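Quick notes on the structure that follows.
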Amino acid sequence: MFQKHLLFAKGEKEPALIDLDLGQGYRIQPITYQEYLDACARIEDQIFGEYFGFRWQEARSPEQRQRVAELQNTPQGIQLCLGLFFESELIGWHYSEQADEQTMVMKDTGWLPGHQNKGLYSRLLPELLKLFGSMGFELVKSYHRMTNNQVIIPKLKAGFVINGFMVDTYGNNVQLVYTFNSDYLEALHVRSGYRTPRGRTAKLLGL
C-alpha cells in the first residue's frame, strides 16, 4: 500500500513553491489550510453563485458527525493551498491535493467575479503543472460542471483531455486529466477511438 505523507501541513505556511506576480496588481502565493477554509466561508457564495450541494452535515447523526471529524484528522497526502491577492487583499484561492502515488487532483479554484476574465487562470495553470511535474506526479485530474467553459477551455488548451463524466452532490461533472507521460496520452487517444493502436502504444496496451 502506498504510504502517504504530509508535505503541506494544514496549520503551517509552506515554503513559496509558487509565489508568482501575475501582473496588474495580482499575486499568487501560499496560504495555510485554515486561511483557505476561512476564505471559503467568507466569499465562496460570491464566487460560485447558485451551487446547491447535498447538505451532508444536516443529514448526519451526532455519531456520524463525530466520525467525520475524526476522519478529517487522519493523515493526508500532499496538499497545496494558494491564495490569490489583489493589492494585498485575498480575493481567491487554489487548492490541490494528492489522490494516490501518481495523481494530483485540482480540487478548488476561484476568485471574486470582479477579478475574473483577466487571464489569471491561464497564467497560473502552467505554473501549477510545472510544479506537479517536478514533484513526480504522472497525472493531474480535475472535475468541472459540464457548462463551465471558463475553466474547461483553458485546460483543454493547456493539454488536458476529457476523461469521463460523473454525477456528484453538485450535479453533472466532466473529468479532465493531464498526463506528463506522452505514451499514456497516446493510449488515451486510442481508448477514445481517435487513434489506431500502433507500435509502442499498442504494446503498452497489451495488443
Per the filter on the range 109-128, residues among the hydrophobic types (A, V, I, L, M, F, W, C) and either more than 16 Å from GLU87 (Cα to Cα) or not in a helix (DSSP H, G or I) (or both) are TRP111, LEU112, LEU124, LEU125, LEU128
Which one is surrounded by the fewest Cβ atoms within 10 Å (Cβ to Cβ), of the residues in the range 46-93 that are in a loop (DSSP other than H, G, I, E, B), in contact with a Leu (Cβ under 9 Å, 6 or more places away or on another chain) and at pLDDT 70 or above? ILE78
Answer residue from the range 94-128, given it is closer than 18 Å to VAL151 by Cα and small (Gly, Ala, Ser) and is surrounded by the fewest Cβ atoms within 10 Å (Cβ to Cβ) among those: GLY114
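Take the range 22-42 and flag every residue that is surrounded by 13 or more Cβ atoms within 10 Å (Cβ to Cβ), over 17 Å from LEU125 (Cα atoms) and not small (Gly, Ala, Ser).
Looking only at the range 22-42, we keep the residues that are surrounded by 13 or more Cβ atoms within 10 Å (Cβ to Cβ), and these are 22, 26-33, 35-40.
Add one more test, that the residue is over 17 Å from LEU125 (Cα atoms), and what stays is 31-33, 35-40.
Across the range 22-42, the qualifying residues are ILE31, THR32, TYR33, GLU35, TYR36, LEU37, ASP38, CYS40.
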Taking only pairs six or more apart or across chains, which ones have beta-carbon atoms under 7 Å, a first residue in the range 155-171 that is under 15 Å from ARG191 (Cβ atoms) and modelled with pLDDT of 95 or more, and a second residue that is open to solvent by less than 50 Å² (accessible area, probe 1.4 Å) and not in a strand (DSSP E or B)? VAL161/LEU188
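The values are calculated or read from the model by the stated rules, or taken from the named source; none is laboratory data. Not measured: the values here are computed from a predicted model. Reconstructed Cβ throughout: ideal geometry from the backbone, glycine too, with neighbour counts over all protein chains shown. Areas reflect the complete protein model, heavy atoms only, side chains present, ligands, DNA and RNA absent. Shrake-Rupley method; radii C 1.70, N 1.55, O 1.52, S 1.80 Å.
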